[in-house]
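Below: the structure, in structure tokens.
The values are calculated or read from the model by the stated rules, or taken from the named source; none is laboratory data. Everything numeric in this text was worked out from a predicted model, so none of it was measured. Here the Cβ is made from the backbone with ideal geometry for all residues, glycine too, and neighbour counts use every protein chain on show.
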Amino acid sequence: MATYVVGDIQGCFKPFQQLLKRVNFNPDKDVIWSVGDLINRGPNNLDTLRWFYERRDNVVTVLGNHELHLMAVSSGVRKINKSDNFDDILDAQDRDKLIEWLHHQPLIHCEHNVTMVHAGIPPMWTVGDAVDRAAEVERVLRSSACTKFFSAMYGNEPIVWRDDLSGMTRLRVITNYLTRMRYCTKKGKLDLVNKGPTPITNALKGKKVAPWFTHSERLTKDDTIIFGHWASIDGITDSTNTIGLDTGCVWGNEMTFLELETRRFYRCRCS
Amino acid sequence: MSLLMSDLSLGPGAQIYRVGGAVRDTLLSHPFHETDWVVVGSTPDALKVAGFKQVGSDFPVFLHPVTHEEYALARTERKSGPGYHGFTVFADPNVTLEEDLQRRDLTINAMAMDASGRLIDPYGGQRDLDEKVLRHVSDSFSEDPLRVLRVCRFAARYEHLGFSVATETLELMREIVAEGGLQELAPNRIWRETERALEEQIPARYFALLSALGGDQPLFGCQFFETALTALHSVAAKHGDALYRWAGLIAIATAPNKPLALPVATIPKRFQKVAQQVHCYLAQPPQDAHQALQMLEGLDAFRQGSYFQTVLDVLHCIDPLFSARTVARMTQAQAQAIAVRGSTFASRGVKGPEIKDAVSKARIAAIEPLFSTH
């Protein structure tokens, strides 16, 4: 039995199938983990989502920003953006059960001494903090309050966590950290504007931002964390226990599999 | 155990055996409540003469005059039509114990014990108990689709002992579900089996297995994902009551903002109600006195027979936002608010609809201190 962790697929179903073939994936024994963003922007969103749904007892996926957006659009509180192309899912006859399944997926997953999350964990949180706070959002996704959450989910404010935050504001910050973060200050102030391999704009007015995983005081620096979301760093973190798997497949770069047991990487060019 | 039997004459050559669950659970050292018996080589008339009372007209089953335990004449059954009643029953003094045991569902349920404690085990029940396997006895398993639910229930009952379902039995169960067998079942039979499963040691196993077989949608109209099963497991760790367990499961399994799609007619009202109420308050604990009063009113907490406390208890098991502190605060709020009565205002000369307003205001004022410490 092997566990393969796949980076952001974003509807690139063909390279995903190629990599499965390359590793001789055995659907009866092997397990697939996904760092989230299974869908959006790529050519086969519906096929990808269905593949995971059909193997739901043998897959683990954490929610990415694109899944949350799909759920919000599907619930009717948000309009589809020009750059979204998940119409194939919205028009599918099995849409309801696929979306319902997403409502039951976590924002973070810990197993085999590894933590998987879509974007990252802010420097001032332990893995345990992240799991507890993710649970707050997960609970809302399963409740009748979820539409209220989807309406309140969008936005970059507040930029930093406080223990006494409450209601939808609290859930928005948690969601931004776990599913959208790239750069932040050492105290966890979020810069959600910069997306490149180095910060260009001075989004936080003079505050020094750095990739979330580079802060030396980070409470999770001894934990192994697997994440996706950030294609422009091409998986390079300069750290052995912080593993970035988004290698920009949907942008014509590569898709990456990590075999957990052997720590071997498999890559496939996408054109 | 045969003390009473020796006094009762059931005819020459008649023999009595303990069968089914009592034998199985004795061998497993698992607690059980009922003992069933099979009588070989006798007739309905002989049993009636001995004082037994026949129950039901379809099956040759009788109640013992003193112990009221069930005694059945050895019988064979053959499927002759759809549904529960589509069976041809053949009971005759010539039907052997082995034939009777062969019509049973699982090998571990197809054993008998005579008065001396000797085990009669023609289908390998003891071996399967030792190997902890739930295995069907014969192809006649497929004749009653309820057996799919029964196997799931036994899996829930013995999960903690490490039992699993035999591959070939699982295959058969999958076929029955795929052929639509579950839709053939009378709804009250489905619920009866489900309610019993809810009371077993690891009830989540019943629903997990049903879900793996694809039986959750046809039976309950919703899907039991890992999250719902985990919720059920958390409730079951604290509450043995089927009502609590059902509510925890269904509150999470119900899709947000969609009406419950359950075979409503057969599920007792209180099960439907509590599940729906828990679902409704999931992830939305009251933040202030107004919301607290709304919740108390929404759950009818001022009337007798309200499920307010049950709903709170279930929420506490499955929703981290309903912390022990929140639950304690709501219980206090109920006590404070209930002490405010309309009659007080009526005697002060407040009239008609204004009484309702005055009561609400006074109740909010009474609850307020509980929320001001924030």
- Task: Determine, yes or no, whether residue B:93 is assigned to a loop (DSSP other than H, G, I, E, B), farther than 28 Å from residue B:157 by Cα and in contact with a Ser or Thr (Cβ under 7 Å, 6 or more places away or on another chain).
- Result: yes
- Name the one entry in B:315, B:321 that is within 14 Å of chain A (Cβ to nearest Cβ), in a loop (DSSP other than H, G, I, E, B) and in contact (Cβ under 8 Å) with a residue 12 or more places away in the chain. B:321
- Message: Being modelled with pLDDT of 95 or more and not hydroxyl-bearing (Ser, Thr, Tyr): is that true of residue B:85 here?
- Response: no
- Query: Got a sec? Which of A:111, A:100 is under 17 Å from the mean Cα position of the chain (by Cα) and surrounded by fewer than 22 Cβ atoms within 10 Å (Cβ to Cβ)?
  - Reply: A:111
- Query: Taking residue A:194, is it modelled with pLDDT under 95, over 23 Å from residue A:233 (Cβ atoms) and away from chain B (no Cβ under 14 Å)?
  - Reply: no
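This table checks each residue for (1) free of Cβ contacts under 8 Å to residues at least 40 places away in the same chain; (2) of a type in the set (Ser, Thr, Tyr); (3) under 22 Å from residue A:38 (Cβ atoms).
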{"position": "A:169", "(1), (2), (3)": "yes, yes, no"}
{"position": "A:236", "(1), (2), (3)": "yes, no, no"}
{"position": "A:253", "(1), (2), (3)": "yes, no, yes"}
{"position": "A:271", "(1), (2), (3)": "yes, yes, yes"}
- Item | Search result, residues across region B:341-360 that are within 43 Å of the chain's Cα centre (by Cα), free of Cβ contacts under 8 Å to residues at least 24 places away in the same chain and not in a loop (DSSP other than H, G, I, E, B) | B:342, B:356, B:359
- Item | Subset of region A:134-173 [at the interface with chain B (Cβ under 7 Å from one of its Cβ atoms), hydrophobic (A, V, I, L, M, F, W, C), in a helix (DSSP H, G or I) and closer than 13 Å to residue A:75 by Cα] | A:146
- Residue match in region B:32-48 (condition: at pLDDT below 95, on the phi > 0 side of the Ramachandran plot and hydroxyl-bearing (Ser, Thr, Tyr)): no
- With the condition kept exactly as written, say whether any residue in region B:295-307 is more than 13 Å from chain A (Cβ to nearest Cβ), surrounded by fewer than 17 Cβ atoms within 10 Å (Cβ to Cβ) and among the aromatic types (Phe, Trp, Tyr). yes
- Residues in region A:68-96 that are outside any loop (DSSP other than H, G, I, E, B) and surrounded by 15 or more Cβ atoms within 10 Å (Cβ to Cβ): how many? 12
